[in-house]
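Please treat every number below as a calculation from the coordinates, not as lab data. Predicted model, so just to flag it, every value in this text is computed and none were measured. Every residue, glycine as well, gets a Cβ built from its backbone with ideal geometry; the counts of neighbours run over all protein chains shown.
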Ligand SMILES: CC(C)(COP(=O)(O)OP(=O)(O)OC[C@H]1O[C@@H](n2cnc3c(N)ncnc32)[C@H](O)[C@@H]1OP(=O)(O)O)[C@@H](O)C(=O)NCCC(=O)NCCS
């Protein structure tokens, strides 16, 4: 999937007229094994080393992303400038995806790349028959995609999370209705973690 964006700014000396300064294109595609180093460097830049301490990371450890749901964004030069992955999980005994981490290179933000990564991954998740998505992230950002706090009120994670950042989205109406219990990786049993950020 390719996108082309006009980057707008004000003309020098003008207070009102925006002008197109450049065209910036990006593409969304499946992550490849050769993307791993660039992806990890991008995630280090975006989150720092604390990313490895997060409760969500405990759910991802030893797992692989759901098939077809590890995406990258690349720029005109083919450089990796965005990443998102969704992971198979069980939430209160129901199948769900866990979204994250999502990151866009600092030099490429506010161009719609984060939105494109989320919208493409959610569209694919629907096509693949997934029913619900959970994440821990900034509600003011994810609310625009329909993520809501109410779907996770009776769910617990296998470590501490800020409840206000624990969000859910139904891909199929009712998929998270009344759900309660622990979120665990799809392929592994629930384990209480001794400590996590
Ligand atoms: C969050 C992130 C992925 C957004 O990527 P992006 O390509 O800039 O996103 P988009 O272009 O689709 O959207 C940009 C808009 O989201 C807003 N936004 C970005 N991060 C936000 C946040 N944490 N909370 C609320 N709004 C946010 C921007 O202000 C911008 O608003 P505008 O459209 O009114 O100007 C990117 O800022 C990033 O990588 N941040 C660091 C890592 C991170 O926080 N990841 C998400 C985990 S919560």
- Item | Average Cα contact separation per residue, the stretch 50-159, under 8 Å, 6 or more apart, as relative contact order % | 24
- A correct fewest-to-most ranking of 161, 126 by other Cβ atoms within 10 Å would be 126, 161
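With 10 angstrom as the radius, rank 1, 157 by how many other C-beta atoms surround their C-beta, starting from the fewest. Don't jump to the answer; show the numbers that get you there.
Values: 1 12, 157 23.
In increasing order of surrounding Cβ atoms, one gets 1, 157.
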- Query: Taking the Cβ-Cβ separation of residue 107 and residue 165 as r and a Förster radius of 25 Å, what is the calculated FRET efficiency to the nearest 0.05?
  - Reply: 0.45
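Quick one: grab the alpha carbon gyration tensor of the stretch 30-185, order the square roots of its eigenvalues as a ≥ b ≥ c, and give me rounded if a/c is under 1.5, else prolate or oblate depending on whether a/b is larger than b/c. Spell out each step's value before the answer.
Working: a/c = 1.69, a/b = 1.52, b/c = 1.11.
Taking the square roots of the gyration eigenvalues as a ≥ b ≥ c, the stretch 30-185 is prolate.
I need the calculated FRET efficiency for the pair residue 37 and residue 1, taking r as the beta carbon distance and R₀ as 25 Å, to the nearest 0.05.
0.60
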- Message: Just to be sure I understand the model, the point goes 7 Å from the Cα along the line to the Cβ. What's the resulting residue 94 to residue 53 distance in nm?
- Response: 3.3
- Per-residue Cβ neighbour rank within 10 angstrom, fewest leading, 110, 63, 121: 110, 63, 121
- Considering only the stretch 93-197, percent of DSSP beta bridges that pair antiparallel, nearest 5: 60
- Note on the structure: A chain fully extended from residue 119 to residue 182 at 0.36 nm per residue, minus the present Cα-Cα distance, gains in nm 20.0 nm
- In nm, spacing of pseudo-spin labels at residue 45 and residue 156 (7 Å Cα→C-beta vector): 4.0
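If R₀ is 22 angstrom, what is the calculated FRET efficiency for the pair residue 173 and residue 63, using the beta carbon separation as r and rounding to 0.05?
On the way: r = 27 Å, r/R0 = 1.25.
Approximately 0.20, to the nearest 0.05.
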